[in-house]
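Colleague: Have a look at the structure that comes next, please.
Computed from the coordinates by the stated procedures, all read-outs in this text should not be read as laboratory data. Please read all numbers here as calculations on a predicted model, not as lab measurements. Don't worry about glycine lacking a Cβ; one is built from the backbone with ideal geometry, like all the others, and counts go over all protein chains shown.
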Amino acid sequence: MLDLNSQLISHSLLLNLFLFFIAIIAGAINAIAGGGGLIAFPALIIAGIPAISANATNTAAMWVGTAASTFAYRREMSLGKREFLYLTTASICGGIFGSYLLLHTSPSNFANLIPYLMLTATVLFAFGKKFNAWLQSRFQIPLWLAIMIQLAISIYGGYFGGGAGILMLAILEIMGVKTIHNMNAIKSWLATSLNAFALLHFIFAGIVVWFPAILMAIGALIGGYGSAFFARQVNSEWVRRFIIGIGIMMTSYFFVK
C-alpha cells in the first residue's frame, strides 16, 4: 500500500480536502443519526482507492469515532456480565471471520458486490426503526439465539458493515435493554470490538491505505465532537432522510457503473 499512499499524498490539495470534509460530515452524521459509512466508503472509491482497500480504510477511519462513542457512553453500559461476555465474544469472532471473508474475496467479485452491499445498507438504514419496532412487538428471543444472530451480524460487519449497528439495536431491544442510551452504549462497544479485530486483520494483510485513513479519522473525530452543539438543534429525521438520499444516489451510481 506504500505506492498508493504516496500517490494519495501527492494528489491535489482538493482531493485531500474532499476526503477530510466528507469525514467531518460522516463523523457528525454518526453522532446524530448513524450511517456515516454510507458517505465515507463511496468517497474513498471516488478518490481512486480499490474497493477492498477502500472498505478496510473506511473501517480504520470510522473506528476511531466508534471507539470515542464507546468511551463517551461508558456510564450507560448496563448489561448482565454473562450476556455482555457472550455478545462481545460473538462480535469478535464475527469480525475476524467477516474480515477473513473479505480478504479472500477477489477484487473483481467484491467490486461486483458493492451495489448490493450499498443497497442492503441503505434499506437497513431507511427501515431500521420500523424493523426494530416490528421485531420487538412479535418476538422475545432466548440468549443463545441472540448470540447466534449477533455472530451473523458481526460477520456482515467485518465484511462490509453498513447497517450492522441498526441490526444490533434490534437484537438488544428484543433482549429487553430498556433505554436508547443503554442500547447505544452496548451497540457502540460491540461495534468497536468487532471492528477492532477486523481492522487488525486488515492491518496485518497490508490493505489499509493509511494517509486517507488518518486524515479521515481526524475529520470524523472533529465532526463527531463538533456535532454535539448542532445535534440539539437539528432534527435527526432530516439527517436520516439526507443519508437515505445519498445512499440511494450512490447505490444507483454503482449499479450503473
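Colleague: Computed from the mean reciprocal separation of all distinct C-alpha pairs, what Kirkwood hydrodynamic radius does segment 13-256 have, in Å? List each step's numbers first, then the result.
Modeller: Values: mean 1/r = 0.0561 Å⁻¹.
About 17.8 Å for segment 13-256.
Colleague: Going by average Cβ density within 10 Å per residue, which order do the peptides 60-70, 142-152 take, highest to lowest?
Modeller: On the way: 60-70: 22.8, 142-152: 15.6.
Packing proxy ranking, top to bottom: 60-70, 142-152.
Colleague: Would you mind ranking Met77, Met118 so that the residue whose beta carbon has the fewest other beta carbons within 10 Å leads the list?
Modeller: Working: Met77 15, Met118 24.
The most exposed by this proxy come first: Met77, Met118.
Colleague: All other residues with a Cβ under 15 Å from the Cβ of Leu38 taken together, and with Lys, Arg as +1 and Asp, Glu as -1, what is their net charge?
Modeller: Details: positive: Arg240, Arg241; negative: none.
Its environment carries a net charge of +2.
Colleague: If R₀ is 22 angstrom, what is the calculated FRET efficiency for the pair Met148 and Arg74, using the beta carbon separation as r and rounding to 0.05? The partial results should precede the final answer.
Modeller: On the way: r = 27 Å, r/R0 = 1.24.
For Met148 and Arg74, the calculated efficiency is 0.20.
Colleague: How many angstrom lie between the C-alpha centres of segment 77-125 and segment 149-184?
Modeller: Their Cα centres are 11 Å away from one another.
Colleague: Give me Thr122, Thr89 sorted ascending by neighbouring Cβ count inside 10 Å, so fewest comes first. Display every interim value, and only then the final one.
Modeller: Values: Thr122 23, Thr89 15.
Least crowded to most crowded, the residues run Thr89, Thr122.
Colleague: Shifting gears a bit: Give me the one-decimal nm value for the distance between modelled label points at Leu103 and Ser252, 7 Å along each residue's Cα-to-Cβ direction.
Modeller: 3.8
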